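Asker: Dumping the structure here so I can ask a few things about it.
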Amino acid sequence: MAQTFGWTGKILRVDLTNGKVSIDDTMKYKDFIGGEGIGYKILWDEVPAGTHPYDPENKLIFGAGPLCGSGVPCSGRTTIVSLLPTSSHHGAGSSHMGGYFSVEMKYAGWDAIVLEGKAPKPVWIRIEDDKVKIEDARWLWGKGIFDTMAMIDSQMGKEAQVAAIGPAGENQLNMAVIRTGTSHSAGGHGGILGAKNVKAVAVKGTGSVKVAADRSKLMELDKYMMSIIGANNQMVVPSSPQPWAEFSDKGSRWTGRPGLYWGAANPPVETGTCDPHDMQSVGFRTMKAVFDLGAGAEKYTVRMGGCAHCPIRCHSQLKVPQLEKYGMDPFVSNTCVGWSGPRGVMYNGIKEFDGNGEDSSIVGNAIGTTMVDDLGVWCNYGQIGRDVKYLYTKGIFKKVLPAEEYASIPWDKLEKGDATFLIDFYDRVAHKKGEIWHIADGSAWFAQRWGLGDEYWDYKDNKLWTRGGYPVHHSNEAGAQVGALISCLTNRDSQNHSHMNFIGSKLPIAIQKEIAGEIFGSPDALDAPMDYTKMNEYKARFIKYAVVRGRLHDSLTLCNWMWPMAVSPLKERKYRGDTSLESQFFSAVTGVAKTEAELDKDAERVVTLLRALTVRSMGTVDMRNTHDAMNKWIYTPDKKDGKEIAQFTKGTIQMEKSDLDLGLGMVYKQFGWDEKTGAPTKAALEAVGLKDVAEELGAKGLLPA
Amino acid sequence: MDTSGTTTVDPGASAVETIRRDSAAGRLTLLSSLLEAAPADSPRAPDPLREIEESGAEDLKRMDGRVEAYFFSELAMTRSYAAYLFRLAEKDLVGLVVETVREDSRVYPRPTPLDFFRASPFGLSPEQVEDILSRIRERGDCGDIRESRASNGARYLYSTRYLTVAHADALTEWNEVGQAENP
Ligand code: SF4
């Protein structure tokens, strides 16, 4: 095998049905970059349309990209690709976890691990460099993820990185995660491991990732990037005024400041001034515990943690001694929706409970996150909480649950804000007890089962984007049509931050608009917050950029919660970032010289392939009126004092149907897809090198006329 | 951080060094304290103003108050931060709030949370903030400053010169509640 840089050159395939292990050549997939791109190519080639996610014929791919493990900042992410059980048409999709799994996988010599077939009995997979063993998992089956990891670590050593499912995954719950490390969960694919009888994949590697460029060149690029990097989500102004900062914004994740501590560290560590020129303090900028959980979390914070090769550290690691009261480990860690998703079930908020006093909210959050991280339940980007609220307050649970089951659920705790409700709730859900667990089939499926119609889908507070069964994720509420239309192009919540890492930078609007003009051709690509204008060509370009970069990062694999870096915290750079950094790193690491445009073209291939997969699995070219059809609440005008508030007046984020329809066409055009249906044309497929895909779709009658 | 604007001048240090050091520590340098620290018979800094001028140091900026003058170095402190400290030092709390609110409404644009003035470098008490609000209401030239309230009860101020009532209300709710619900 020829020497490769960045890529290890090898993909591990494990056929669980017959226990056969084989090696594939990564370089035959190099046009798809890595990670997500390789995953979609394998699904296209090897998983026939109509396959159920839990069928042995479905495959699941743990993917890393060429930059993963190379030391490029924020490159420790793993992309998992498979069919999505929650999707109304079982479309293809990716889930993502941070931690150290993919880096260890690369060190063991693998760019990806492909799981095929179904093991005859529960197993776990032990990978130590090129030694691969399928192990008996009878002692692990039924265990929570924490115990599972501990038991595997006791055999392989602490340096092994484990990706595991809990009871939710074993029970083939659609809303189940695969988890690694203390707090890194990939949502939506846990049930597929369960269906394959795989409890865990554990990997230990002693190799390294070879880099083509001279080490000083990589160091130089690293240093340059470290000057441009902001705080989590590339927010580049601090949350409070600082002597060095021209700007500040209360909503910024750059929360580090003098007087704010990792209060449970021994001795406590001050986050401090965090001047952007001081690389050594980058890891103190994002004091996410207080951002996610409020000021009361300061005294519980041991430190901030995160993924391999990431200077940002966006996962709060807390010690909450009160958890011992509930038989739980006092050490707990998470970030963002990892906290808000599980607690979201407490739709009335968490009030004082169980003598936890003013710290009840922290304790409640910690209970929620511990439950789902151990049982392996996914929140569908917070949808589970909105669904509980709707189903309970509208009396639907009362109607669809057997009376005895309904009576056995401690609704009083939910109403009172007693977070021990979460212990009862997640236990029922993960173990598929009674009828209520069907909430974790996902919206698309329980809506059918429980006879929920338009009212459910079109109810504004439910925030469901399409009838595909997934919710908003940085959609119109934050990004006008840019966020809205990005949300139409995936089979799950968009999981895209390429636009938010710019829109949410917290810089003044004039600076942001100037930068938008430089990148997208006009400042009109960007609207001021809640001062939306009609769709235009430049917004369509912005959407293409965001979608393409999302796929690029999940293929390289870089953290899309930081990349791309269109802005920086540096006044002397006029707050400009550098959107060519990915291609600079790619060229340096792999030795394959690519410009920014060339690398984007490769990612466009991945975007188009995902679209082709969706067309194939839905069996129609009419994406516009099926897959991309948004729920009504998105474009229904708000009302005040009985009167409608017209769209595009300041203060309303409601979209306009005709404008969204126009926008969809403009976005399709950006990709060269058919403007009427939104399906990739033969020419568009061939333009990105997907001739074989065009042929197959053509043979199936799935190319637009 | 001591942001009181009170300098502890080292008589041996030059005025330029003193200003830069103060700015790095997050405080303004008072002209009066530079003068105090420059005894007439000092061979090094007989006239701090002349020294500043002759140094050609372009990072040093001067702000004139009612009786006092203040210096800061742009190497370590931005104009916006210096302007906050200036108004605090001049005890122009109404001006501090009004101008901050107008600037936020114009520039970002966004309403300004009241708790912004409670934190560093302002450190105002709830009573002080309420007192400022009532003085703003009484003044004839601050009619553009209005209050908005989020559903969680948080209070914000904005300027109608730059934000409509509906826009300010929506931004208040988004900044205070909506963003946290869309992490
Ligand atoms: S920003 Fe957070 S999620 Fe992204 S790589 Fe860093 S620690 Fe991981």
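The values are calculated or read from the model by the stated rules, or taken from the named source; none is laboratory data. These numbers were taken from a predicted model, which means no experiment stands behind them. Cβ atoms come from the backbone with ideal geometry, glycine included; neighbour counts cover every protein chain shown. These area figures cover heavy atoms from the full protein model, side chains too; ligands, DNA and RNA do not enter into them. Shrake-Rupley method; radii C 1.70, N 1.55, O 1.52, S 1.80 Å.
Asker: In peptide A:330-341, what is the residue-averaged number of other protein chain Cβ atoms found within 10 Å of each Cβ?
Answerer: 1
Asker: Just B:GLU147, B:GLU103, B:GLU130 to compare: in a GNM of chain B, with alpha carbon springs under 10 Å, which one fluctuates most?
Answerer: B:GLU130
Asker: Counting only protein heavy atoms and using a 1.4 Å probe, what share of the accessible area of the protein assembly as shown belongs to carbon plus sulfur, as a whole percent?
Answerer: Of the solvent-accessible surface of the protein assembly as shown, carbon and sulfur hold 51 percent.
Asker: Is there a simple number for the mean count of other chain Cβ atoms within 10 Å of the Cβ of residues in B:174-182, and what is it?
Answerer: The mean count of partner-chain Cβ atoms within 10 Å per residue comes to 6.
Asker: Can you pull out the trypsin sites (Lys or Arg not before Pro) in segment B:65-113 that DSSP calls coil and that have at most 13 other Cβ atoms within 10 Å?
Answerer: Loop-located and lightly packed - B:ARG66, B:LYS91.
Asker: Specify which residue in the list A:HIS497, A:GLY142, B:ALA37 is farthest towards the positive end of the charge dipole of the protein assembly as shown, using unit charges on the beta carbon of Lys, Arg (+1) and Asp, Glu (-1), about the Cα centre.
Answerer: Farthest along the dipole direction, towards plus: A:GLY142.
Asker: Ok, one more. Decide, for the protein assembly as shown, between rounded, prolate and oblate: order the square roots of the alpha carbon gyration tensor eigenvalues as a ≥ b ≥ c, take rounded if a/c falls under 1.5, and otherwise choose prolate if a/b is larger than b/c, else oblate.
Answerer: Prolate shape, in that a/c is at least 1.5 and a/b is the bigger ratio.
Asker: Tally the DSSP beta bridges in the protein assembly as shown and give the antiparallel ones as a percent, rounded to 5.
Answerer: The antiparallel fraction comes to roughly 85 percent.
Asker: Would you kindly derive the ³J(HN,Hα) couplings of segment A:244-254 from the backbone phi angles with the Karplus curve 6.51 cos²θ - 1.76 cosθ + 1.60 (θ = phi - 60°), listing them in order in whole Hz, with x for Gly and Pro?
Answerer: With the stated coefficients, segment A:244-254 comes to 7, 9, 6, 10, 8, 8, 3, x, 6, 7, 7 Hz.
Asker: Okay, moving on. With +1 on each Lys and Arg Cβ and -1 on each Asp and Glu Cβ, how big is the dipole of chain A about its Cα centre, in debye rounded to the nearest 20?
Answerer: About 120 debye.
Asker: Follow-up question, since we're still on this one. Rounded, prolate or oblate: pick one for chain B, where a ≥ b ≥ c are the square roots of the eigenvalues of its C-alpha gyration tensor, a/c under 1.5 means rounded, and failing that, prolate if a/b is larger than b/c, else oblate.
Answerer: prolate
Asker: Around A:GLY35, what is the net charge, scoring Lys/Arg as +1 and Asp/Glu as -1 over all other residues with Cβ under 9 Å from its Cβ?
Answerer: Combined, the nearby Lys, Arg, Asp and Glu give -2.
Asker: Would you mind putting B:55-62, A:8-15 in packing order, based on average other-beta-carbon counts within 10 Å, highest first?
Answerer: Most protected by this proxy first, the peptides run A:8-15, B:55-62.
Asker: Using the Cα centre as the reference, give the magnitude of the dipole from point charges on the C-beta atoms of segment A:566-629 (Lys, Arg: +1; Asp, Glu: -1; all else neutral), rounded to the nearest 20 debye.
Answerer: Magnitude of the dipole: close to 120 debye.
Asker: In deg cm²/dmol and to the nearest 500, what is the mean residue ellipticity at 222 nm of chain A if only DSSP H runs of at least 4 residues count, each as -39500 (n - 2.57), divided by the residue total?
Answerer: Computed mean residue ellipticity for chain A: -10000 deg cm²/dmol.
Asker: Hey, what's chain B come to in accessible area per residue, 1.4 Å probe, Å²?
Answerer: 48 Å²
Asker: Shifting gears a bit: To the nearest 500 deg cm²/dmol, what mean residue ellipticity at 222 nm is calculated for chain B from DSSP H runs of n ≥ 4 alone, each contributing -39,500 (n - 2.57), summed and divided by the residues?
Answerer: The per-residue figure over chain B is -11500 deg cm²/dmol.
Asker: Please state the shape class of segment A:10-204: rounded when a/c is under 1.5, otherwise prolate if a/b exceeds b/c and oblate if not, all from the C-alpha gyration tensor.
Answerer: The shape class here is rounded.
Asker: Something else now. Have a look at A:VAL482, A:MET562, A:GLN512 and report the one farthest towards the positive end of the charge dipole of segment A:451-563, computed about the Cα centre with Cβ charges (Lys/Arg +1, Asp/Glu -1).
Answerer: Result: A:MET562, furthest along the dipole toward the positive end.
Asker: Let me ask something else. Across segment A:3-12, in residue order, what do the Karplus-derived ³J(HN,Hα) couplings come to in whole Hz, using 6.51 cos²θ - 1.76 cosθ + 1.60 with θ = phi - 60° and x for Gly and Pro?
Answerer: Each residue of segment A:3-12 in turn: 5, 10, 10, x, 6, 7, x, 10, 10, 8 Hz.
Asker: May I ask you to evaluate 6.51 cos²θ - 1.76 cosθ + 1.60, the Karplus curve with θ = phi - 60°, for each residue of segment A:408-416 and list the ³J(HN,Hα) values in order in whole Hz, giving x for glycine and proline?
Answerer: 7, 8, x, 4, 4, 5, 4, 5, 7
Asker: Let me ask another. Would you work out the charge dipole size for segment A:320-451 about its Cα centre, treating the Cβ of every Lys and Arg as +1 and the Cβ of every Asp and Glu as -1, and quote it to the nearest 20 debye?
Answerer: Dipole of segment A:320-451, to the nearest 20 debye: 620 debye.
Asker: Here is a further query. Taking both sides together, what accessible area is buried at the B/A interface, probe 1.4 Å, expressed in Å² and rounded to the nearest 100?
Answerer: So the buried area, both faces added, is about 2500 Å².
Asker: Can you give me the C-alpha center-to-center distance between segment A:642-705 and segment A:126-185, rounded to a whole angstrom?
Answerer: Computed from Cα coordinates, the inter-centre distance equals 40 Å.
Asker: How do A:310-322, A:391-403, A:86-98, A:527-539 rank on mean C-beta neighbours within 10 Å, highest first?
Answerer: A:86-98, A:310-322, A:527-539, A:391-403
Asker: OK, next. What average count of beta carbons from other chains do you get within 10 Å of the Cβ of residues in B:23-36?
Answerer: 1
Asker: Something else now. Only helices at least 27 Å long along their own axis, judged from Cα atoms, and with Kyte-Doolittle mean hydropathy of -1.0 or greater: name those in chain A from DSSP H.
Answerer: A:537-556, A:596-618
Asker: Can you give the net charge of the other residues whose Cβ lies under 13 Å from the Cβ of B:PRO109, counting K and R as +1 and D and E as -1?
Answerer: Here the count lands on +2.
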